[in-house]
Every structure is written in structure tokens, then in C-alpha cells.
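Notes for the one structure printed next.
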Amino acid sequence: MEITKRLTRVAPSATLAAGEKARRLREQGVDVVDLGPGQPDFPTPPDVCRAGQEAIDAGHTRYTPGAGVPELRAAVAKYYTDLYGIEYSPAETMIACGGKHALYSIFSALIEPGDEVIIPTPYWVSYPDQVRLVDGQPVYVDAAEEDGWIITPEAVEAACTDRTRAIILNSPSNPTGATMPQGVLEDFARLAIERDIAIVYDECYDRFVYEGQRHASPLDLGKDAKPVTIVVGSASKTYSMTGWRLGWTVGPRAVTDAMSRLNSHLTSNACSVSQQAALAALSGDQASVAEMLEAFAERREMVIQRLSQMPGVTCSRPMGAFYAFPNISELLSDQFPTSGDLATHLIDEAHVVTVPGTAFGRDGYLRLSFATSMDRLAEAMDRMDKAFGELV
Ligand SMILES: Cc1ncc(COP(=O)(O)O)c(C=O)c1O
């Protein structure tokens, strides 16, 4: 059977592919240190698991309203209302099967064939493919490491055309860990209002920011930003619930209604049990989030320090999320011309899995997840140090 052009131009997720390689090696008995996956190494908090178990016992095992159960939509609306002082109603939220599904729903609702979506690079792997899946056109705007990986509204404005429909902003960023300052985000909101484009604000890592920062948003501009901003949130990272598949959108009613219509035909609803668990997570004790943040902060210090001492490597400080994005361009050579080649060499020789920068639209870097125990991270650093030492 012939596969559509739409799907043949979509590559499998590079981060999942790295995990697959690690799994195959492990099956062969190799001691692999896997710094590939983008998920916390902590279990889902016990009270959240219990809420899931109780949901099953209580019979929350049937279809729910398409956009989510009212209690969870209300909890999400309240969370954002309290955070930004902008009134959000449950009708302006949609519960999705993870942030990924939330993003795809947004693009389906907003992008006509040929519409342009501005994507800052380095980008999270799924953005370009998701935009292409709805026949949109990704337009890349490069962020620079020396600017802390922060793109400016001016650079984005220069890339805008009559076809520009949306810009994706992701803070804290996967893969760079950069966090966008409030002033810049407010300027983006002004630009979006002026040019009538949507800001898709992916804040799946919003609760993981370091050094006492406050997570900022285009909504900090106030209620004027509300009609142009669609926020994507997720329980995946915050509550270590990657497998439960639960995320959400918060944004204008018309977009929310359109996405709900789409999903009434696609998924019916997000998993009923996961919705109850996410409700418990959002409205319960947040101590588990603080514990994870503390652990990530310690590991971050160690990883940055070790990477910065490695031959041929420099590493800027990730200010959020749980990734380091070291610059390894000095290690590239005729033998290993791209970060993909270097990542493969690391897997084959040092049995350390990383994700090459090319997966995020930027060669010369590797992405390392520090959502792994301190011991395993230290082991990975030793192995990388040795492997890189042999290259310079
Ligand atoms: C930046 C970013 N956005 C969205 C997601 C989607 O996560 P999920 O679908 O598990 O909510 C991820 C997951 O890695 C991510 O890194």
C-alpha cells in the first residue's frame, strides 16, 4: 500500500530512536548509561498513584466529556487564573493525551496548508514534524548560544510574512534549558497582538527552573495577551507521569472548541483514570515537585562542572528543565563530522547514550538528560571524559 506524502516526510522521533538503541545494547548485556530520555527518573508520587487506583475502584473507567472532566478543567483554569491574575474559565481549557497531543491539536486548529509557523532553533524535536503533518511550513529562526539561547522579537519579526500564523515559544527549553525572561516574553506578546499571530507557549517544564527564578510567560503582559496566547502544559514532567499521557491547553474559547471537535473524532477523551490522577496531582501536596527540583539542581551542578572540564567541550548553564546542551563542535573532525557521528561513537565505544544536536536543528551539540541518578551520571561523565580525551 502506498503511504501518504504527509507521513513519508515525517521522521521517527530522534529521542525515541536513541532509547531504542540503548535498549538493544542492554539486551545484549551491555552496561549502558542512558542520558537520552526526556523523563524524570522518579516514580509518580504515591498520592497520585493512589488517586489513579481509587479512580479505577470508583468506576472512572468510562468515556469522559471530550475536553476533559469538569473538575480537572476547573483545576487547570484555576491554576492559570491564580498564576497570572487573568480570568480563565474551564471552557478555555482542554485536557489532552499529553503535551504532544495538545500541540498537535493546536496546529490542527490553527494552520491552513502553506501557513508558516516560526520555530526557534534549537527546537524540541516534534515541532517541525507536527507542523508539517498539518501541511504547515516551519520557518526557523536561529537562537545563539552567546545570547543564552534567547531569540529576540526583532529576529522573529524579520522572519514574519503574510503567511505567518503562529510562533512556538518553549521555556524552559528542551534541549537548551534556556528560560525566557519576562520582558522578552511580554515583547513577544506585543508582537503577536500587533501582527495578529498566535503564540503557542509550551511550558511543559515550567516547574523546573533553577537559581530562584520565577517562570515567566507571555501572559505576564496581562489580559491583552490572552487572545493571542495558547499555553501547553503537561503532567508528564511535573509529576513524573510520562506514561499516563495527560496534558492540557489553555487558550481562547474558539480554538479550544475547535480542538475539542477534532478530538471528539480522534481520541474521544484523555484517559479517564489519568484525568483523576492529574486532578489529585494538581490540587494536592506539591512536595514531590520540590524534591525533584532539588535533586535536578544538584545533578545540574555536577554535570555542568564535569562537562566544562572535558577536553574540547564547553557548556552553558541550563536555567530550567533537566538537560545540558554542551558545545562539542571542537571535537568534530573528518572522522566524526557531525554530532550524530559523535553520539554514535559515544554509544558504541563508551556505552553512553546522548541525543545529537542535529535532532534539535543544531549541529555541534549533544543533549544530555540529567534525570538520572547521581551515580549513573558520574559514571557517564567518567566515560565521556575518557572518550573525548582520546579524540583531542
Ligand atoms: C518541550 C516539550 N514539549 C512537550 C513535550 C511533550 O510531553 P508529553 O506529551 O509527555 O506531555 C515534551 C516531552 O518531551 C517536551 O520536551
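The values are calculated or read from the model by the stated rules, or taken from the named source; none is laboratory data. Here the structure is a predicted model, which means the values were calculated and not measured. Note that we place each Cβ from the backbone using ideal geometry, even for glycine, and neighbour counts take in every protein chain shown. Heads up: the accessible areas ignore ligands, DNA and RNA and are worked out on the full protein's heavy atoms, side chains in. Shrake-Rupley method; radii C 1.70, N 1.55, O 1.52, S 1.80 Å.
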Output row, site Ala254, 7 Å Cα→C-beta label point, backbone N cut-off 18 Å, window the stretch 156-187, residues 163-167
With no solvent and one point on each alpha carbon, what is the Debye value of log10 I(q)/I(0) for the stretch 139-240 at q = 0.24 Å⁻¹? -1.43
Tell me the relative contact order for the stretch 12-117 as a rounded percent, counting alpha carbon contacts under 8 Å between residues six or more apart. 15
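Which value in Å does the Kirkwood hydrodynamic radius of the stretch 244-392 take, with 1/r averaged over all unlike C-alpha pairs and then inverted?
Details: mean 1/r = 0.0552 Å⁻¹.
Across the stretch 244-392, the inverse of the average 1/r is 18.1 Å.
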What does the net charge come to around Arg165 if you take all other residues with beta carbon closer than 9 Å to its beta carbon, with K and R at +1 and D and E at -1? -2
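Using 1/(1 + (r/R0)^6) with R0 = 35 angstrom and r between the beta carbons of Leu83 and Ala378, what's the FRET efficiency to the nearest 0.05? Intermediate results must be reported in sequence, preceding the final value.
On the way: r = 37 Å, r/R0 = 1.04.
For Leu83 and Ala378, the calculated efficiency is 0.45.
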For the stretch 98-176, the accessible surface attributable to carbon and sulfur atoms (probe 1.4 angstrom, ligands and nucleic acids excluded) amounts in percent to 45
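Would you work out if the stretch 341-389 is rounded, prolate or oblate? Take a ≥ b ≥ c from the square roots of the eigenvalues of the alpha-carbon gyration tensor; rounded if a/c is under 1.5, else prolate when a/b is larger than b/c, oblate otherwise. Could you put the intermediate results ahead of the total?
Values: a/c = 2.26, a/b = 1.35, b/c = 1.67.
Because a/c hits 1.5 or more and a/b fails to exceed b/c, the stretch 341-389 counts as oblate.
Given contacts defined as C-alpha pairs under 8 Å and at least six residues apart, what's the relative contact order of the chain, whole-number percent?
Values: 767 pairs, mean separation 89.6, N = 392.
The value is 23 percent.
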What distance in nm separates the simple spin-label points at Glu390 and Asp47, each placed 7 Å from Cα in the Cβ direction? 4.9
Kindly write out, for the stretch 178-195 in residue order, the coupling ³J(HN,Hα) from the Karplus curve 6.51 cos²θ - 1.76 cosθ + 1.60 (θ = phi - 60°), rounded to whole Hz, with x marking Gly and Pro. 5, 10, 7, x, 4, x, 5, 5, 5, 5, 4, 4, 4, 4, 5, 5, 4, 9
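Quick one: divide the alpha-carbon radius of gyration of the stretch 1-89 by 2.2 N^0.38 Å and tell me what you get. Intermediate results must be reported in sequence, preceding the final value.
Numbers: Rg = 20.6 Å, N = 89, 2.2 N^0.38 = 12.1 Å.
After normalising by residue count via 2.2 N^0.38 Å, the value is 1.70.
Per DSSP H run of at least 4 residues, take -39500 (n - 2.57); add these up for the chain, divide by its residues and hand me the 222 nm value, nearest 500 deg cm²/dmol.
Values: 14 runs with 161 residues, N = 392.
When only DSSP H runs of four or more count, the value is -12500 deg cm²/dmol.
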The helix 14-27 Cα axis meets the longest alpha-carbon principal axis of the chain at an angle in degrees, between 0 and 90 and rounded to 10, of 60
Any residue on another chain or 5+ positions along whose placed amide H is under 5 Å from the amide H of Asp142 is listed here as Thr121
Using a 7 Å offset from Cα along Cα-Cβ at Ala144, what residues in the stretch 79-123 end up with backbone N under 16 Å from the label point? 121-122
FRET efficiency estimate (nearest 0.05) - Cβ-Cβ, Asp135 to Glu330, R0 35 angstrom: 0.30
Putting +1 on Lys and Arg Cβ atoms and -1 on Asp and Glu Cβ atoms, find which of Ala75, Val209, Phe188 reaches farthest to the positive end of the dipole of the stretch 71-229. Ala75
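So for the chain, if I pair up every lysine 8 or more residues apart or on another chain, how many of those pairs have alpha-carbons under 21 Å apart?
Lysine pairs meeting both conditions in the chain amount to 4.
Expressed as cubic angstrom per residue, what is the convex hull volume of the alpha carbon set of the stretch 57-205? Write out the running numbers ahead of the final one.
Details: hull volume 20.0 nm³, N = 149.
Given the Cα convex hull of the stretch 57-205, per-residue volume reads 134 Å³.
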Give the span of the chain's Cα atoms along each principal axis, as three whole-Å numbers ordered largest to smallest. 58, 54, 53
Could you derive backbone 3J(HN,Hα) for the stretch 74-89 from the dihedral phi with the Karplus parameters 6.51, -1.76 and 1.60 (θ = phi - 60°), listing whole Hz in sequence and x where the residue is Gly or Pro? 5, 5, 5, 4, 5, 4, 6, 4, 5, 5, 10, x, 10, 5, 10, 9
Dimensionless Rg/Rh of the stretch 185-238 - Kirkwood Rh, Rg from C-alpha atoms: 1.02
Angle between the Cα long axis of helix 272-283 and the longest principal axis of the chain, 0 to 90 degrees, nearest 10? 80
Spin-label model distance (nm) - Arg62 vs Val30, 7 Å beyond Cα toward Cβ: 5.1
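Once you have the Cα-Cα distance between Glu2 and Ser264, take 0.36 nm times their residue separation minus that, and quote the gain in nm to one decimal.
Numbers: separation 262, 0.36 × 262 = 94.32 nm, distance 2.77 nm.
So the extension gain works out to 91.5 nm.
If you wrap a convex hull around the Cα atoms of the stretch 28-137, how much volume per residue is inside, in Å³?
Values: hull volume 24.3 nm³, N = 110.
Dividing the Cα hull volume of the stretch 28-137 by its residue count gives 221 Å³.
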Kindly report the accessible area of the chain per residue (heavy atoms of protein chains, probe 1.4 Å, no ligands, DNA or RNA), in Å². 42
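For the chain, give me the percentage of DSSP beta bridges that are antiparallel, rounded to the nearest 5 percent.
Of all bridge pairs located within the chain, approximately 45 percent are antiparallel.
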Taking the dipole about the Cα centre of the stretch 46-283, with the C-beta of Lys and Arg at +1 and of Asp and Glu at -1, give me whichever of Thr152, Asn263, Val134 is farthest to the positive side. Asn263
